[in-house]
Amino acid sequence: MPNHSDSDHNRPIRSYVIRSGRLTDAQRKAIDSYWTQYVIEFNNHAIDPVSIFAVPQKLTVEIGFGMGDSLLEMAQSNPDVNFLGIEVHQPGVGKLLNGIAENQLTNLKIICHDASEVLQFGLPAHCIDRLLLFFPDPWHKKRHNKRRLVQPEFIDRLLKKMRPQAKIHFATDWQAYAEHMMEVLEANPELENVNGAGAFWLQPNRPVTKFERRGQRLGHGVWDLLFRTKGEN
Ligand SMILES: C[S@@+](CC[C@H](N)C(=O)[O-])C[C@H]1O[C@@H](n2cnc3c(N)ncnc32)[C@H](O)[C@@H]1O
């Protein structure tokens, strides 16, 4: 019989496993050189999402940006929007830091920490205009489904940080997860489906992501969902 200590039972269920992938020299150098300039330290207190940027403007948050290529592309082509990327995978953080520095972007910052905790403690109420979650780990096996980020509690937590009339854009290449996302979002009375009840977003306006490209090579489908928070803006 497995011997579970109390701490096993108390440990939060994480939506990720820190992969042991080594940092390249360039990623390590970027982390050493640019961390203090572009990474906002998570310390259990709400950051001020206005003062961390050069210009106060609408805020888009991307959870789990992976290697950050598509986030960098969005920040470059939308200088009138501030972007905050949340990711736990250090090689991705290193790669994105290089991209931010090379392009001298002032509208893109990073938090390197579990997004569930950042949402709970690291952001003030009603500060997000757009939330992006592209290809979150699908956790295919039934016994792992509880690790999926998109759950009713996660949406409740998220909604406390969203402004009225804010957008939530999810994408996945795993049909069962897409259906689960749809069910969870449609069940929340504070949200409406921009594309009509039960409908996926067929022509999403986002860059193709690295993970998506891998799925395309394997012949996977893609499902996008776009929801809007209710209330007066
Ligand atoms: C399957 S990858 C997709 C990456 C990227 N969005 C793309 O499409 O290329 C999922 C990413 O989410 C990150 N992730 C998972 N759970 C997270 C969490 N709770 N907080 C922050 N990042 C998380 C993982 O580290 C991983 O890089």
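Remarks
- Qualifying residue in the stretch 165-180 (condition: farther than 16 Å from Val150 by Cα, over 17 Å from the mean Cα position of the chain (by Cα) and exposed (fewer than 14 other Cβ atoms within 10 Å of the Cβ)): yes
- Taking the numbered list (1) over 26 Å from Gln216 (Cβ atoms); (2) modelled with pLDDT under 95 in turn, Phe154 passes all entries but (2).
- Residues of the stretch 72-92 satisfying the condition of being within 17 Å of the chain's Cα centre (by Cα) and part of a loop (DSSP other than H, G, I, E, B): Val81, Glu87, Val88, His89
- Taken over the stretch 126-155, residues that are surrounded by fewer than 17 Cβ atoms within 10 Å (Cβ to Cβ) and in contact with a strand residue (DSSP E or B) (Cβ under 9 Å, 6 or more places away or on another chain) amount to 1.
- The residues of the stretch 96-125 that are in contact with a Gly (Cβ under 8 Å, 6 or more places away or on another chain), buried (at least 24 other Cβ atoms within 10 Å of the Cβ) and in a helix (DSSP H, G or I), listed by number, are Leu96, Ala115.
- Selection of strands (runs of 3 or more DSSP E) fully inside the stretch 126-210 by the criterion of at least 2 residues being more than 20 Å from Gly66 (Cβ to Cβ), basic (Lys, Arg) and touching a residue at least 60 places away in the same chain (Cβ under 8 Å) returns 162-172.
- So Gln37, is it surrounded by fewer than 19 Cβ atoms within 10 Å (Cβ to Cβ) and not in a loop (DSSP other than H, G, I, E, B): yes
- Each residue in the stretch 176-215 was checked for being polar (S, T, N, Q) and touching a helix residue (DSSP H, G or I) at 6+ places or on another chain (Cβ under 7 Å), and 3 of them qualify.
- Qualifying residue in the stretch 79-88 (condition: away from the ligand (no atom under 15 Å from the Cβ), surrounded by fewer than 18 Cβ atoms within 10 Å (Cβ to Cβ) and of a type outside the set (A, V, I, L, M)): yes
- The number of residues in the stretch 11-33 being within 10 Å of the ligand (Cβ to nearest atom), in contact with a His (Cβ under 9 Å, 6 or more places away or on another chain) and of a type outside the set (A, V, I, L, M, F, W, C) comes to 2.
- Taking the stretch 40-71 as the range and being under 15 Å from the mean Cα position of the chain (by Cα) and away from the ligand (no atom under 12 Å from the Cβ) as the test, the residues that pass are Leu59, Thr60.
- Complete set of residues in the stretch 158-193 that are of a type in the set (Gly, Ala, Ser) and more than 16 Å from the ligand (Cβ to nearest atom): Ala166, Ala187
The values are calculated or read from the model by the stated rules, or taken from the named source; none is laboratory data. The structure displayed is predicted, hence computed values, not measured ones. For neighbour counting, all protein chains shown are included, and Cβ atoms are generated from backbone atoms with ideal geometry for every residue, glycine included.
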